1. So which residues in the stretch 34-63 are part of a helix (DSSP H, G or I) and closer than 15 Å to residue 18 by Cα?
2. I'm trying to understand the selection: among the residues of the stretch 180-219, which are under 15 Å from residue 170 (Cα atoms), assigned to a helix (DSSP H, G or I), in contact (Cβ under 8 Å) with a residue 40 or more places away in the chain and out of contact with any strand residue (DSSP E or B) (no Cβ under 7 Å at 6 or more places or on another chain)?
3. Would it be correct to say that residue 95 is surrounded by 13 or more Cβ atoms within 10 Å (Cβ to Cβ) and either on the phi > 0 side of the Ramachandran plot or in contact (Cβ under 8 Å) with a residue 40 or more places away in the chain (or both)?
4. Looking at the stretch 44-62, is at least one residue closer than 16 Å to residue 140 by Cβ, out of contact with any helix residue (DSSP H, G or I) (no Cβ under 8 Å at 6 or more places or on another chain) and free of Cβ contacts under 8 Å to residues at least 60 places away in the same chain?
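Where a number appears in this text, it was derived from the coordinates with a stated rule and is not lab data. Here the structure is a predicted model, which means the values were calculated and not measured. Every residue, glycine among them, receives a Cβ derived from its backbone with ideal geometry; neighbour counts consider all protein chains shown.
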């Protein structure tokens, strides 16, 4: 935020959360550099360019942090990429990709279509306020120039690479179910979360996707 040309763009699905974000930015004295849009990421990302007076004023991102529902991660990232809103070298950080999980997102980045333009590292860490329960974060870097260089050598693999394995879709469905349970009355008990995390970890490992390193919890 110290750079005069830097901006922060945030999307909040709940109007009250958007209001809190606006108030906090104003209180910090950076309200003029923070754009808070209200709505579902599915709708806001697709119309982001139209929300600014001219194409030159539309943002292009150096960093993207994703903490919406994991089932939206890949679609939202693809929308930003196709609209040319990601700067070369953009870093995309995604939270909770093991629990509740974002298996399709991870598979696309590591094995599928996204592997041509993104280099991805997965980090294992302990879930907040859940001692002993593992979660993952992913850190991907956007390299659009690499996609062109790889397209020729991998053209024969393209049809197969774009086909999502059934195992990934099964894990995606499990993540959807537990996410729905978590937002319902009664939520999900600790033991069920722990078991789900281990089951998702095993499923991702079977697909050749696992963390490169771990972060130990602070005392």
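1. The initial filter retains those residues of the stretch 34-63 that are part of a helix (DSSP H, G or I), namely 41-47, 49-51, 55-57.
Residues satisfying the conditions are 41, 44.
2. Within the stretch 180-219, 196, 200, 203, 204 meet the criteria.
3. Values: surrounded by 13 or more Cβ atoms within 10 Å (Cβ to Cβ): yes; either on the phi > 0 side of the Ramachandran plot or in contact (Cβ under 8 Å) with a residue 40 or more places away in the chain (or both): yes.
Yes.
4. We begin by selecting, within the stretch 44-62, every residue closer than 16 Å to residue 140 by Cβ; these are 61-62.
Next, from what is left, pick out any that are out of contact with any helix residue (DSSP H, G or I) (no Cβ under 8 Å at 6 or more places or on another chain): 62.
Retained after the next criterion (residues that are free of Cβ contacts under 8 Å to residues at least 60 places away in the same chain): 62.
Checked against the condition, which is being closer than 16 Å to residue 140 by Cβ, out of contact with any helix residue (DSSP H, G or I) (no Cβ under 8 Å at 6 or more places or on another chain) and free of Cβ contacts under 8 Å to residues at least 60 places away in the same chain, the stretch 44-62 yields at least one hit.
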